[in-house]
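Colleague: First, the structure itself, so that you have it in front of you.
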Amino acid sequence: MAGCLAFLAAFPAPAQPATPPNCRGTVYLTIDTGWSREAEQIAAVLRRRGVRATLFVADEPTFRGDRTLGPEWAAFWRARAAEGHVFASHTWRHWYFTGDPGLGKVRYASRQRDGGATVLDGPALCEELRRPVERLREMVPEAVVLPLWRAPGGRTTPNALALARQCGLRHQGWSANGFLGDELDSDRTPNAALLDRALGSVRDGEVMLMHWGVRSRRDPFAGVLEPLIAGLQEKGFCFATLPVTGKD
């Protein structure tokens, strides 16, 4: 219990900006780590459009041959914190929760062949969720971290959710219309189709999901991020970071 309380203490509640009175609705852009090939391009778009996002961090391999929470990325994360983005845990290893083998336990496995698998109990799950936050804070002490977490692929189990709650963390997924599709095959779902779909379907309160780059996508979604944000802003939507309680 003491460990859980210490984990909770690491998450001071950030002040939530008031919604501007001219907003017809609010949407919440969330960004997971991923391959990070388009990270600087995406960050530049967010700056130009005045968008603050919620960034879910895991220690994943990148296009440069390093890892997203390695020291080579410290300047990138410091810049994002200075711009007003907030952070949350996306697990340390970015493995997948695949089942509940017993009371108070959850199976956790890599998607890579021979990548490994283990069974986590409560303290081990708390550690898996805490490590990316601790690593981020080593590089960016001023980072605002929310008491939220996101499972890789959004795949949870009853035990994973319950054990994380004991760590003081609430799971945050994304809304159906908020799935921007940057993980999909670009031949089957080109950027123009993803842009049209998002502009036509996003509604007030959507939690939107994208990545700093997806290795398998040949035509990066970052190429249509600015017209997407501009189109939503023209419709009267404002962008906000997630509240500390998350969004259903």
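Since every read-out is calculated from the coordinates, none of them should be taken as a lab result. No experiment lies behind these values; they were computed from the predicted model shown. Cβ: placed from backbone, ideal geometry, glycine included. Neighbour counts: every protein chain shown.
Colleague: Let me know the whole percent of all Cα-Cα pairs from the range 24-239 that are separated by more than 33 Å.
Modeller: On the way: 3248 of 23220 pairs.
For the range 24-239, the fraction of Cα-Cα distances above 33 Å is 14 percent.
Colleague: Quick check on the chain: helices-only [θ] at 222 nm, where DSSP H runs of length 4 and up contribute -39,500 (n - 2.57) each and the sum goes over total residues. Nearest 500, please. Don't skip to the end; give the middle numbers.
Modeller: On the way: 7 runs with 76 residues, N = 248.
It lands at -9000 deg cm²/dmol.
Colleague: Anyone know which of Leu148, Leu228, Leu29 comes out most mobile in the 10 Å Cα GNM of the chain?
Modeller: Checking each option, the largest mean-square fluctuation is seen for Leu228.
Colleague: Which parts of the range 164-179 would a label at Asp121 reach, counting a residue when its backbone N lies under 19 Å from a point 7 Å out along Cα-to-Cβ?
Modeller: The answer is 164-168, whose backbone nitrogens lie closer than 19 Å to the label point.
Colleague: Okay, moving on. For the range 106-223, what's the relative contact order in percent, using C-alpha pairs closer than 8 Å and at least 6 residues apart? Numbers along the way, then the final one.
Modeller: Values: 111 pairs, mean separation 24.7, N = 118.
Once normalised by length, the contact order is 21 percent.
Colleague: Full extension from Arg165 to Arg113: what is 0.36 nm times the residue separation minus their Cα-Cα distance, to one decimal in nm?
Modeller: Contour length minus Cα-Cα distance gives 15.7 nm.
Colleague: With an 8 Å cut-off on Cα pairs and a minimum separation of 6 or more residues, tell me the relative contact order of the chain in percent. List each step's numbers first, then the result.
Modeller: Details: 485 pairs, mean separation 76.0, N = 248.
With pairs under 8 Å counted, the relative contact order is 31 percent.
Colleague: Still on this structure, please answer the following. Give me Ser89, Ser216 sorted ascending by neighbouring Cβ count inside 10 Å, so fewest comes first. Please list the in-between numbers first.
Modeller: Values: Ser89 28, Ser216 9.
Placing the least packed residue first, the sequence is Ser216, Ser89.
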